[in-house]
Amino acid sequence: MFSMTQKVRMYDTDAAQLLFFGNQFRFINDVFEEFLEAIGYPTQSMFQSDFAVLFVHAQSDYLAPLCVGDVIEITLQVTEIGTSSFTVSYKIARKCDACMVGKGKSVHVVVDKQTKKKTAIPDTLRKRLNTFIEPLKGDVSEGA
């Protein structure tokens, strides 16, 4: 499992002073980028490689409100690794009370940059993803 902590900022909220729904996806993307960097694939190196890791599906559930100043922990776990794609689940919890406030799931496909077609996950990336795999018990919409 991989996690990071973040604070809900004023610009993350809407007119009701609650987390704007699209920003939960930003939190998910932020932890995904940090995860890639932690396993040796920083964003800038991905621009120079012969493959790309693309989001092809994303979903998110909002379970409790977040307000400006809330500190959250976003946890990521790899739940499935296929030939050319992998699935990641996310949990977002408020740090002060450990209340799970959101969850999400994303599916990523590896594509060859020249052909723009999906390709096998490179062995090095596959090995690094495998160190974070934990099969998901139930669907993200069921309380993952």
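Only residues that are open to solvent by 50 Å² or more (accessible area, probe 1.4 Å) and either among the aromatic types (Phe, Trp, Tyr) or within 27 Å of Ser84 (Cβ to Cβ) (or both) were counted across the range 4-28, and they come to 5. Here Phe55 passes the criteria (1) closer than 19 Å to Ser84 by Cα; (2) open to solvent by less than 70 Å² (accessible area, probe 1.4 Å); (3) in contact (Cβ under 8 Å) with a residue 12 or more places away in the chain except the one numbered (2). Residue check: Thr119 meets all listed conditions (1) open to solvent by 20 Å² or more (accessible area, probe 1.4 Å); (2) closer than 22 Å to Asn29 by Cβ but one, namely (2). Quickly run through the range 59-82 and pick out the residues that are open to solvent by 30 Å² or more (accessible area, probe 1.4 Å) and either touching a Gly at 6+ places or on another chain (Cβ under 7 Å) or of a type in the set (Lys, Arg) (or both). Result: Gln59, Asp61, Tyr62, Leu63.
Here Asp30 fits the description: within 18 Å of Val71 (Cβ to Cβ) and within 17 Å of the chain's Cα centre (by Cα). Note on the range 1-27: among residues that are over 18 Å from Ile133 (Cα atoms) and among the hydroxyl-bearing types (Ser, Thr, Tyr), the one that is nearest to the chain's Cα centre (by Cα) is Thr5.
Report whether or not Val101 is touching a His at 6+ places or on another chain (Cβ under 9 Å) and either aliphatic (A, V, I, L, M) or more than 28 Å from Arg128 (Cα to Cα) (or both). Answer is no for this residue.
The values are calculated or read from the model by the stated rules, or taken from the named source; none is laboratory data. This is a predicted model, so every value here is computed, not measured. Here Cβ is always computed from backbone atoms with ideal geometry, including for glycine, and neighbour counts include all displayed protein chains. These area figures cover heavy atoms from the full protein model, side chains too; ligands, DNA and RNA do not enter into them. Shrake-Rupley method; radii C 1.70, N 1.55, O 1.52, S 1.80 Å.
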